[in-house]
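Everything on this sheet refers to the single structure shown next.
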There are 2 protein chains.
Amino acid sequence: MTDSQLAKLRDQVDEINLQILELLNKRAEIVLQIGNEKKKQGVTRFDPVRERQSLDMILEHHNGPFEPSTIKHIFKEIFKASLELQEEDYEQTLLV
Amino acid sequence: MTDSQLAKLRDQVDEINLQILELLNKRAEIVLQIGNEKKKQGVTRFDPVRERQSLDMILEHHNGPFEPSTIKHIFKEIFKASLELQEEDYEQTLLV
C-alpha cells in the first residue's frame, strides 16, 4: 500500500465521521421533539423499556467487526447524551 | 401530536440508529485496513496528532443541537473503540 492509498483510507474515515456527526445531530433534533411531546403529555422522559428495545434492535442488526459490547457502549453514550439534551431543553423552558 | 406521530418520530430514531450502526462498522473495516498497513510499516497505531486533527475537523462542521463537548465525548469513545479493535486484530495476528 502506498502512502497515497493510506491517505485515501483516512479520507474515507473523515467522510464517515462527518456522516456520523450529521446523523447524531439529526437524531438529536428528533429526540428533542419527542422530549417536548412527552413533557406536554406529562410523562417521564427516561424510558428504560424503550431504551432496552432500541439496544436490542441495534444488536440484532449488528454483524461486526466491532464487538457487540462495544456497540452497546457507544449507543449507551448516545442515549445518555440525548437524555441530557432533553433535560437541558426542559430546564431552559422552566427558566423562560 | 397524536400517539401515532410520536411513534413515527421513534421510528425515525430507530432508522437513524441503524444508519449510525452501519457507518460505525464501515468505519471499523477501514480502520482495520489502516491498522494492518501501519503494522506492516512498523509504525505505532495510536497517533494523537491525527486524532486531534480528526476531532478538530468534526467540531468545525458541528452546528448543534448537541454541545460540542458532547460530540467530542462520543467521538473519543468511537476512536478508543477503534484503537482497541486494531489492537485485538494485532494480537490475533501474533497468536497465529
request  = With no solvent and one equal point scatterer per Cα, compute the Debye intensity ratio I(q)/I(0) for the range A:39-89 at 0.20, 0.30 Å⁻¹ and report its log10, rounded to two decimals.
outcome  = -0.74, -1.18
query = Inter-copy label distances at A:LEU6, 7 Å along the Cα→beta-carbon direction, one decimal in nm, shortest first?
reply = 5.3
message = Pairwise over distinct Cα atoms, reciprocal of the mean inverse distance: report the Kirkwood radius of chain B in Å, one decimal place.
response = 15.8
request  = Would you calculate the separation in nanometres between label points at A:LYS8 and B:GLN92, each defined as 7 Å from the Cα along the Cα-to-beta-carbon direction?
outcome  = 2.5
ask   = Which cross-chain or sequence-distant (5 or more) residues have an amide H under 5 Å from the amide H of B:ASP47, H modelled 1.01 Å from N in plane?
value = none
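Take every Cα pair under 8 Å in chain A that's 6+ residues apart, average their separations, divide by the length, and report that relative contact order as a whole percent. Kindly include the intermediate steps, with their values, before the conclusion.
Numbers: 24 pairs, mean separation 32.8, N = 96.
Computed value for chain A: 34 percent relative contact order.
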ask   = When averaged across all projection directions, what area in nm² does the alpha-carbon convex hull of the protein assembly as shown cover?
value = 12.3
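Every read-out reported here was derived from the displayed coordinates using simple, explicitly stated rules and does not represent laboratory data. Note that the structure is predicted; figures quoted are calculated from it, not measured. No Cβ is skipped: glycine too gets one built from the backbone with ideal geometry, and neighbour counts run over all protein chains shown.
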